[in-house]
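The structure under discussion appears below in the form of structure tokens.
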Amino acid sequence: MTSDDVVGGGAPAGRRFPRVGFAVLTALGLALSIAVPLTLDVGTAGASGPGMWVLGAAVLTTVLSLIATLHPRILLDAAETPTRAQMRDVALALPALLLAVPSLLVLGVGITTAWITFYWLRFVTGTSWLRSAIAAAAITAGILLIFLVALDVPFPRGSLTRL
Amino acid sequence: MDIIEGLLQGLEVALTWQNLLFVLLGVSVGMMVGVLPGLGPAPTVALLIPLTFSLEGPTAIILLAGVYYGAMYGGTITSVLLRIPGEAASVVSTVDGHAMARKGQAGKALGLAAIGSFVGGLFATIVLILFSPILAEFALGFGSPEYAVLALLGLVLVAYTSAGSIVKSLIAVGIGLLIASVGPDPILYSSRWSLGVPDLIGGFDIVAIIMGVFGLSEVLVNISGSRHRQSMIQSIGRVLPTGRDLIENAAPIARGSLIGTGLGLVPGGGGVLASLASFGVERRLAKDPSLFGHGAPQAVSGPETANNAASISTFIPLLTLGFPPNGVLAVIFGALLIQGVTPGPTLITERPDIFWGVVVSMVIGNVVLLVMNIPLLPVFVRIAQIPPAIMATITVAILVVGAFSINGNTFDVGVMVAAGLVGFGLRRLGIPPAPLVLAFILGPLFETNFRRSLILSEGDPTVFLSSPTCIALVAVLGVVALTSAVPQIRKARTRIESEA
């Protein structure tokens with residue numbers, strides 16, 4: 001019986017995702033633990049500098065991530081390797097999320113909300129074209145009513161649309 | 001100000017038409033959140049924060065608190081009728097509650113749960129009224145060492161009682177502390193990790209982080225589920241319990257009130273832990289435990305009472321010590337900070353309008369929920385039929401627009417998206433988001449008091465054992481680390497949350 005059996009974890013292929021994930025966390029923590037004393041004053045216990053707390057948190061995260069990486073029981077606990085379908089859906093969602101920032105700057109809040117809701121409905125959740133268009137219009141109108149009319153939030157206008 | 005005076009002021013605040021409207025809105029949204037599987041109270045409260053920017057302090061907290069305890073009521077409906085827990089604290093009811101529904105007693109189960117929730121909520125509110133001023137007065141004597149040890153104890157307890165591995169929960173704490181360290185040093189005020197980016201000089205915005213880690217990551221985790229839908233509505237039957245039902249369930253409701261109120265005070269506690277503990281107690285005390293799992297009313301009334309009582313008593317540490325004991329309260333802590341209010345022992349004296357207004361609104365909210373729950377059951381059952389695709393889309397749109405509304409700055413939208421993606425990755429690795437958010441919020445408080453204590457004591461670590469309160473808190477920390485009960489709680493909680 002392997003430790004994976006004890007945990008009820010999956011086949012070795014299921015271990016790759018958490019192992020890579022925790023290795024990345026360990027590497028990031030280690031990089032921070034090295035970078036902090038080089039960039040921030042750590043000081044002493046009685047006269048701590050800005051880096052002391054950060055160094056403590058970085059070392060804690062590194063050590064714990066390393067422990068998780070080395071212990072399959074911890075590594076696999078509650079971890080779920082995303083399925084191909086989940087990864088496809090998240091990959092479909094990414095353009096909307098990543099383009100939201102430049103879109104808000106250029107197109108303004110109204111048009112950005114409209115295309116994000118339409119895109120999400122049509123491409124991320126697989127709703128039909130017509131339903132997506134109707135629902136996106138309704139959701140956008142509702143959100144703009146709440147934020148612009150009811151709450152009177154002064155959003156900056158889009159540089160291109162002036163909306 | 002004595003309790004009577006406070007309650008009168010609370011009535012004055014809570015009975016304004018605006019606050020009555022927001023109690024109704026809060027509990028209605030909470031009920032809907034409870035009914036809709038997939039969207040828990042923490043992401044919803046995070047989602048609503050931008051809507052509170054233009055509200056008065058008491059109104060904002062009344063709204064957000066209403067969502068939390070309203071969700072406890074709503075979660076029962078889908079647990080009983082559809083065997084789908086609307087939120088994690090109602091998972092226990094999926095077994096016996098649904099078994100009752102299959103016997104044609106759905107109405108009885110829902111009615112008992114509603115009445116139990118009302119009693120539990122009322123009991124916890126009375127405890128909140130009676131003990132909060134005493135606890136706040138005691139906490140006024142706290143210095144930096146006490147606050148540092150309290151923050152450490154809180155983070156450790158949250159990590160220990162979270163679902164999954166302790167190591168993973170503590171990693172979440174470490175990441176939260178690291179994210180919180182970006183920005184000004186709280187002692188020397190020098191900039192840390194701003195990397196020449198003006199938006200980073202003040203650190204990450206608390207709302208953007210909360211919305212991303214709780215809200216967006218939740219949408220991404222459930223993204224595939226939003227394509228599918230299951231529906232299995234049962235007939236409800238008679239909703240009002242008979243006098244005999246009430247007599248038979250009086251003791252479980254009383255015990256649920258006590259258990260829920262007690263466990264709500266524990267960091268990391270709240271509805272899930274309370275309903276689980278109540279279920280265990282009821283099964284142990286039952287005359288015929290074999291009925292449990294096959295539609296025992298006590299297995300619904302006790303746990304449902306406990307989870308609502310816990311959702312109210314969990315406000316005691318927040319409003320008196322400035323300590324949020326779970327993820328939802330961490331979000332409400334953030335909302336208070338945005339309102340310019342620092343939760344803590346001085347809140348009751350400096351902002352009695354918020355403390356007493358919120359307390360009285362809880363009583364009103366529980367009455368509203370009881371009244372609304374029974375006649376509006378068919379409406380909430382229909383709400384459970386809203387396609388998840390629509391809910392997910394509304395959530396994403398509110399997250400983007402809400403993050404933009406924080407400062408009218410797209411940087412916050414970017415932070416929200418980044419926090420959401422990080423939260424999604426961490427959740428897939430089995431790292432829970434709540435300890436991360438709590439550490440992010442408690443980080444500055446913890447660091448300030450930890451470093452200040454060491455500076456004042458010239459680096460002597462025994463400063464953290466310098467008072468009876470410190471010693472007691474350190475002793476509790478030791479007991480937590482050594483206790484054997486905690487792993488059992490964790491295992492049960494992990495099972496319950498995975499079922500949810």
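Bear in mind that the values in this text are calculations on the coordinates, not laboratory data. Model, not experiment: these values are computed from the prediction. No Cβ is skipped: glycine too gets one built from the backbone with ideal geometry, and neighbour counts run over all protein chains shown.
At-a-glance table
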quantity	calculated
Amide H within-cut-off set for A:Gly43, under 5 Å, with H built and near neighbours excluded	A:Gly49
If the convex hull is drawn through the Cα atoms of chain A, its volume per residue in Å³	208
Least to most buried among B:Asp199, B:Asp460, A:Asp152, B:Asp205 (fewest other Cβ within 10 Å first)	A:Asp152, B:Asp460, B:Asp199, B:Asp205
Shape of region B:33-191, Cα gyration tensor, a/c cut at 1.5	prolate
Global geometry of region B:254-411, whether rounded, prolate or oblate, following the gyration tensor of its Cα atoms and the 1.5 cut on a/c	oblate
Globularity index of chain B, i.e. its alpha-carbon radius of gyration over 2.2 N^0.38 Å	0.93
Full-stretch length increase - A:Arg84, A:Ala150 - with 0.36 nm per residue and alpha-carbon distance subtracted	19.6 nm
Span-like helix ranges in chain B, DSSP H, alpha carbon extent 24 angstrom or more, Kyte mean at least 0.5	B:17-35, B:57-81, B:106-139, B:144-161, B:352-373, B:388-407, B:410-428, B:433-456
FRET E, pair A:Leu99, A:Leu70, Förster distance 56 Å, beta-carbon r, rounded to 0.05	0.90
Directionally averaged shadow of region A:104-163, computed from the convex hull of its alpha-carbon atoms, nm²	4.1
Per-q log10 I(q)/I(0), region B:155-201, q = 0.13, 0.16, 0.34 Å⁻¹ (Debye; single scatterer per alpha-carbon; no solvent)	-0.42, -0.56, -1.16
Computed Rg/Rh of region B:306-358, alpha carbon atoms with Kirkwood Rh	0.96
Anisotropy class of region B:99-158 from Cα gyration tensor, a/c 1.5 cut	oblate
Label-point separation, B:Ser194 to B:Trp17 (7 Å along Cα→Cβ), nm	4.7
Relative packing of peptides B:250-260, A:95-105 - highest average C-beta neighbours within 10 Å first	B:250-260, A:95-105
Ascending count of other beta-carbon atoms within 10 Å, so fewest first, for B:Asp245, B:Asp185	B:Asp245, B:Asp185
Average partner coverage of A:149-158, which counts Cβ from other chains inside 10 Å	3
Förster-model FRET efficiency, 30 Å R0, B:Ile247 and B:Leu130, C-beta, rounded to 0.05	0.60
Highest-fluctuation residue, A:Val54, A:Val106, A:Val149 considered, GNM on chain A with Cα pairs under 10 Å	A:Val149
Computed over chain A: relative contact order in percent, which uses C-alpha pairs under 8 Å that are six or more apart	21
Principal semi-axes in Å for the protein assembly as shown [√(5λ), Cα gyration tensor, largest first]	35, 31, 27
Most to least packed among A:65-78, B:469-482 [average Cβ atoms within 10 Å]	A:65-78, B:469-482
Kirkwood Rh, angstrom, region B:378-424 [1 / mean 1/r, Cα pairs]	12.2
Spin-label pair A:Thr161/A:Ala141, simplified geometry with 7 Å Cα→Cβ offset, distance in nm	1.6
For B:Arg192, residues with placed amide H under 5 Å, excluding near neighbours	B:Gly183, B:Asp185
Where labels lie 7 Å past Cα in the beta-carbon direction, separation of A:Leu28 and B:Glu137 in nm	4.7
Under 5 Å, built H, 5+ apart or other chain: amide partners of B:Gly430	A:Glu80
Average beta-carbon neighbours from other chains, 10 Å sphere, peptide A:42-49	6
